[in-house]
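The values are calculated or read from the model by the stated rules, or taken from the named source; none is laboratory data. Because the structure is predicted, anything quoted here is derived from the model rather than measured. Here Cβ is always computed from backbone atoms with ideal geometry, including for glycine, and neighbour counts include all displayed protein chains. For accessibility, only protein heavy atoms count, side chains too; no ligands or nucleic acids. Shrake-Rupley method; radii C 1.70, N 1.55, O 1.52, S 1.80 Å.
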Amino acid sequence: MSRTRTDNQEAISQSLRLQPDALRAATQRLGLKAMQRGWADTERIQGEGLSLIKRSWEDKGGSLVTDWHEYVTDAVQRGILTLDALRQWSDMNIQSQDRGAPPEHVLKYDFEIILEGKDLPEPCNYVLLRIVPPEGVVIREWKRPYVIIDPRAGHGPGIGGFKHDSQVGVALADGHPVYFVTFRQMPQPGQTLARVTRAEAAFLRHIANTHPDSPAPIVVGNCQGGWGTAILAATNPDLTGPIVLNGAPMSYWSGKLGQDPMRYSAGVQGGTWLAQMASDLGGGIFDGANLVGNFEKLNPGRNYLRKYYDLYASVDDDVEKFLEFEKWWGAFYCMTGDEIRWIVENLFVGNKLGNNTAQLEPGLPIDLKAIRAPIICFASHGDNITPVGQALNWIIDTYGDEHEIEVLGQRILYLVHEDVGHLGIFVSGKIAKREHTEMASALKTIEALAPGLYEILIEDVQGEGNAKEFALSFARRSLVDVASHSGQRREEPAFAAVARYSEAIAESYDTTMGPLLQATVTEQMGELARDMHPMRQRRRSFSSANPAMATIPTQADTTRRNRKKVSADNPFLLAEQLIIDMAETNLNVMTAWREATQEIAFFTLWGTPMAINYGTPRDIHRTLQRPEDLVSLPGVQNALARINEGGFAEGLLRILILLANTRKDVRQDRLERSARILSETHPFDEIPSDDRVRMIQEQTLVVEYGGDAALESLPHLLSNAENRCRAISTARYIIGDKSEMTAETRQMIDHIETLLTRGPSATAAQ
């Protein structure tokens, strides 16, 4: 629904408030925060480093010549070993490219290929693998299969199974069959995102046929694989079980002023036409090296200096670790021009997925509200690629309030980490042991939760290292709680102006330069352009084919035999470390200046009233359901009409929901007891899973909208003494010891017990 004239005027009025605030925030970051922080860091690092050097010099008694000789020997040896590591790095990249960067090249687990996307009626480069469990791991075929979809954002696949402590490892350890959706380096001719989605749907159908006695599979999507998973679940709601979206950007205009720089790129570079031109110059293929290059520019201090120095500094121990990561980071997987254009127009620039205007293809809209499976979103405040707002604000844009989520029978859970970076969400062993393990635990019982919006809370309880134990709970939340993570969103109308401008430039490109390049650039020219890409050339420059590297393997072998490490407190080594620390800090300061300048340029161009007015036709939002109208929806009315209907199952569920509403959170142990009762005991063990879910939803609506009648009608559902006694005892078992209950919970369970004791007798009810 487009804005009305009144909305238009409000947007213009808002922009008058927006621009000074935005410019002030950016200017403060440029003129004060970035500069002061950079100077402070430089002074601190310099002071600490010089202090260490002085203390080391004094402790050693001033043996300058000896210290220098030891340092130079060590530095030269590390240099030779580092050159050999870089030679292996280049050879690995060349070999990987010659083999077509096979999709399994970074997976730590054995696997078997189940389905090839290229063999489907609409070919694509996606592949379905089944992970072969390591020796000693027992897979229970009746359990929900896990399906992990990795991101295709320039890098290769496999990051979800990159380590033994990983998403794959967590699922295997719990006995689940595990499938991995991977992809090959080059797309199939004519490949589109619609084809990819249909291929993934075909994979899920195959898995369902392979495991007919299991519930629908859990689908885990990482980053780009996350929004792909959301699209898959929205367009095929019958195929997925619970879905997990890890660091998945869904609302691309969201972020906070003074940070989250990637969202400004399109506004200062002209929108989608650059991706179109890059694809045309590649002979219809968009090179993933361009995306990886953009990621590296976000943190040049780390990507251009620190990671290579870390290799040099610890070359005796960390070569394999360096090569292992670079094997994934530098593989460079490609897309068709149609794929990258859809992504940029609908997501990066247009934000159409979050605003409910995206179409997978003409006539096939994508409505996130159509997802029926429970959803878990994992985001982090330390993620500058997918800020928390981009990962969560789609919830605010899709639902009128948290009550609508309940009415629709949906369960949405989110988990926000304080500081882990984007890659850490998928790669970190600590995150796998804590967050991913606890999310896997939550998935076992998620469907026993009453519909609604929850935050996952993980508390460290006891133990250390691998023996550490955690307490998991689910806290009821509102959309206001979600919004608190992502800023005020006042600047988002400026991005709508960029979207409209981008469309205009893209149309101009399509009628002028685009046809000329498409007619001129051949596939061979595109392949040559990819081979000459600076990202690839840098990774190939140290290969064994380089004459300058011919003697390095022999020198490295000799160096390893005669290795003499310098002591960690050598003053010259400390000086080396100080120089690198200060250089990295200076690069970080320059990066902060660049990002602040980009933010200022963005709002100077697009934060004006004229620009906001220009973008109004693209600032389109879903018409949200008004909270006061929810009670009139057919689902609510049908539930209320059946408020007195049902038996033991309905009565117990209503009691549990009434009790849950007295608490702000639900502990994992209580939910596990509830899930066990609702799946293993009579009569629930005879009720199909989908019917149980619908029954929970119906009783949730009765409790939410039935008022006092929801409680007073319980005697009609539990019409005999045996059922009443059993319901009360079961409820008390599930909620646990009375000493752990809140006062409200104790009051409610006592009230229910009194009501059932004094309520209509079985005879009267009949």
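Just checking, which of THR235, THR229, THR240 is open to solvent by 20 Å² or more (accessible area, probe 1.4 Å) and in contact with a strand residue (DSSP E or B) (Cβ under 8 Å, 6 or more places away or on another chain)?
Exactly one of THR235, THR229, THR240 is open to solvent by 20 Å² or more (accessible area, probe 1.4 Å) and in contact with a strand residue (DSSP E or B) (Cβ under 8 Å, 6 or more places away or on another chain), namely THR235.
Mind counting the residues in the range 510-521 that are exposed (fewer than 13 other Cβ atoms within 10 Å of the Cβ) and touching a Gly at 6+ places or on another chain (Cβ under 6 Å)?
0
Being over 21 Å from TRP328 (Cα atoms), polar (S, T, N, Q) and at pLDDT 90 or above: is that true of GLN188 here?
yes
Look at ASP316 and say whether it is part of a loop (DSSP other than H, G, I, E, B) and farther than 30 Å from GLY487 by Cα.
Yes, satisfied.
Failed condition for SER478, given (1) hydroxyl-bearing (Ser, Thr, Tyr); (2) touching a residue at least 60 places away in the same chain (Cβ under 8 Å); (3) under 30 Å from PHE286 (Cα atoms), with all others met?
The number of the failed condition is (3).
Name the single residue that is least open to solvent (accessible area, probe 1.4 Å) among those in the range 550-589 being free of Cβ contacts under 8 Å to residues at least 60 places away in the same chain and in a helix (DSSP H, G or I).
THR558
If the requirement is being touching a residue at least 60 places away in the same chain (Cβ under 8 Å) and on the phi > 0 side of the Ramachandran plot, which of these qualifies: GLY136, GLY158, GLY175?
Criteria check complete, one pass: GLY158.
Each row is one residue, and each column tells you yes or no for (1) in a helix (DSSP H, G or I); (2) in contact (Cβ under 8 Å) with a residue 24 or more places away in the chain; (3) open to solvent by less than 60 Å² (accessible area, probe 1.4 Å).
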position: LEU652; (1), (2), (3): yes, yes, yes
position: ILE655; (1), (2), (3): yes, yes, yes
position: VAL666; (1), (2), (3): no, yes, yes
position: ARG670; (1), (2), (3): yes, yes, yes
position: ARG673; (1), (2), (3): yes, yes, yes
position: LEU678; (1), (2), (3): yes, yes, yes
position: ARG694; (1), (2), (3): yes, yes, no
position: GLU698; (1), (2), (3): yes, yes, yes
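Identify, please: which residue in the range 524-544 is farther than 22 Å from GLY284 by Cβ and in contact (Cβ under 8 Å) with a residue 12 or more places away in the chain and is, among those, surrounded by the most Cβ atoms within 10 Å (Cβ to Cβ)?
ARG539
Consider THR192 carefully, then state whether it is over 22 Å from the mean Cα position of the chain (by Cα) and of a type in the set (Ser, Thr, Tyr).
Against the criterion (over 22 Å from the mean Cα position of the chain (by Cα) and of a type in the set (Ser, Thr, Tyr)), THR192 qualifies.
Being in contact with a strand residue (DSSP E or B) (Cβ under 9 Å, 6 or more places away or on another chain), of a type outside the set (Phe, Trp, Tyr) and modelled with pLDDT under 90, is that true of even one residue in the range 674-687?
Yes - at least one qualifying residue is present in the range 674-687.
Could you check, for the range 599-606, whether at least one of its residues is open to solvent by 50 Å² or more (accessible area, probe 1.4 Å), farther than 27 Å from GLU404 by Cα, at pLDDT below 90 and not polar (S, T, N, Q)?
yes
Could you run through the range 107-152 and say how many residues are out of contact with any helix residue (DSSP H, G or I) (no Cβ under 7 Å at 6 or more places or on another chain) and either aromatic (Phe, Trp, Tyr) or open to solvent by 20 Å² or more (accessible area, probe 1.4 Å) (or both)?
Summing the residues that are out of contact with any helix residue (DSSP H, G or I) (no Cβ under 7 Å at 6 or more places or on another chain) and either aromatic (Phe, Trp, Tyr) or open to solvent by 20 Å² or more (accessible area, probe 1.4 Å) (or both) in the range 107-152 gives 20.
Just name the residue that is least open to solvent (accessible area, probe 1.4 Å) out of those in the range 281-316 that are acidic (Asp, Glu) and either out of contact with any Ser or Thr (no Cβ under 9 Å at 6 or more places or on another chain) or free of Cβ contacts under 8 Å to residues at least 40 places away in the same chain (or both).
This residue is GLU296.
Please pick out the residue among LEU756, LEU714 that is farther than 23 Å from PRO451 by Cβ and open to solvent by less than 50 Å² (accessible area, probe 1.4 Å).
It is LEU756.
Kindly list, by first and then second residue, each pair from a residue in the range 424-445 that is outside any helix (DSSP H, G or I) to a residue that is at pLDDT 70 or above and not hydroxyl-bearing (Ser, Thr, Tyr), limited to pairs with Cβ atoms under 7 Å and residues at least 6 apart or on different chains.
Short answer, once both residue conditions are applied: SER428/VAL420.
Go through (1) open to solvent by 20 Å² or more (accessible area, probe 1.4 Å); (2) modelled with pLDDT of 95 or more; (3) in contact with a strand residue (DSSP E or B) (Cβ under 9 Å, 6 or more places away or on another chain) for LEU204 and report which single condition fails.
(1)
Would you confirm, using the coordinates I've provided, whether SER251 is among the polar types (S, T, N, Q), open to solvent by less than 10 Å² (accessible area, probe 1.4 Å) and in contact (Cβ under 8 Å) with a residue 60 or more places away in the chain?
The answer is yes for SER251.
Taking the residues in the range 159-185 that are surrounded by 23 or more Cβ atoms within 10 Å (Cβ to Cβ) and part of a loop (DSSP other than H, G, I, E, B) as candidates, determine which candidate is modelled with the highest pLDDT.
By that ranking, first place goes to PRO177.
From the list GLY646, GLY635, pick out the single residue that is open to solvent by less than 50 Å² (accessible area, probe 1.4 Å) and in a loop (DSSP other than H, G, I, E, B).
GLY646
Can you tell which of GLN224, GLN191 is open to solvent by 10 Å² or more (accessible area, probe 1.4 Å) and either touching a Leu at 6+ places or on another chain (Cβ under 6 Å) or closer than 30 Å to PRO362 by Cβ (or both)?
Answer to the check: GLN224.
Please enumerate the residues belonging to the range 471-509 that are open to solvent by less than 50 Å² (accessible area, probe 1.4 Å), outside any helix (DSSP H, G or I) and either under 22 Å from LYS664 (Cα atoms) or of a type in the set (Ser, Thr, Tyr) (or both).
Once the filter is applied, which keeps residues that are open to solvent by less than 50 Å² (accessible area, probe 1.4 Å), outside any helix (DSSP H, G or I) and either under 22 Å from LYS664 (Cα atoms) or of a type in the set (Ser, Thr, Tyr) (or both), the range 471-509 yields ALA471, LEU472, SER473, PHE474, ALA475, SER478, HIS485, SER486.
Can you go through ASN546, ASN562 and tell me which one is within 27 Å of ASN93 (Cα to Cα) and at pLDDT 90 or above?
Selected residue: ASN546, the only one of ASN546, ASN562 that is within 27 Å of ASN93 (Cα to Cα) and at pLDDT 90 or above.
For the range 368-399, which positions are open to solvent by 10 Å² or more (accessible area, probe 1.4 Å), among the small types (Gly, Ala, Ser) and at pLDDT 90 or above?
Of everything in the range 368-399, just one residue is open to solvent by 10 Å² or more (accessible area, probe 1.4 Å), among the small types (Gly, Ala, Ser) and at pLDDT 90 or above, namely ALA370.
Pick from the range 320-357 the residues that are of a type in the set (A, V, I, L, M) and either more than 20 Å from the chain's Cα centre (by Cα) or more than 20 Å from ARG195 (Cβ to Cβ) (or both): which of them is surrounded by the fewest Cβ atoms within 10 Å (Cβ to Cβ)?
Across the range 320-357, the extreme among qualifying residues is LEU323.
State which residue pairs qualify: first residue free of Cβ contacts under 8 Å to residues at least 24 places away in the same chain and inside the range 733-760, second residue loosely packed, with under 12 Cβ neighbours inside 10 Å and not small (Gly, Ala, Ser) in any location, beta carbons under 9 Å apart, and separation of 6 or more residues or different chains.
Listed pairs, sorted by first residue: ARG746/LYS738.
Could you tell me which of the residues GLU469, GLU455 is modelled with pLDDT of 75 or more, more than 26 Å from TYR264 (Cβ to Cβ) and either of a type in the set (D, E, K, R) or touching a Cys at 6+ places or on another chain (Cβ under 6 Å) (or both)?
Testing whether each residue is modelled with pLDDT of 75 or more, more than 26 Å from TYR264 (Cβ to Cβ) and either of a type in the set (D, E, K, R) or touching a Cys at 6+ places or on another chain (Cβ under 6 Å) (or both) leaves just GLU455.
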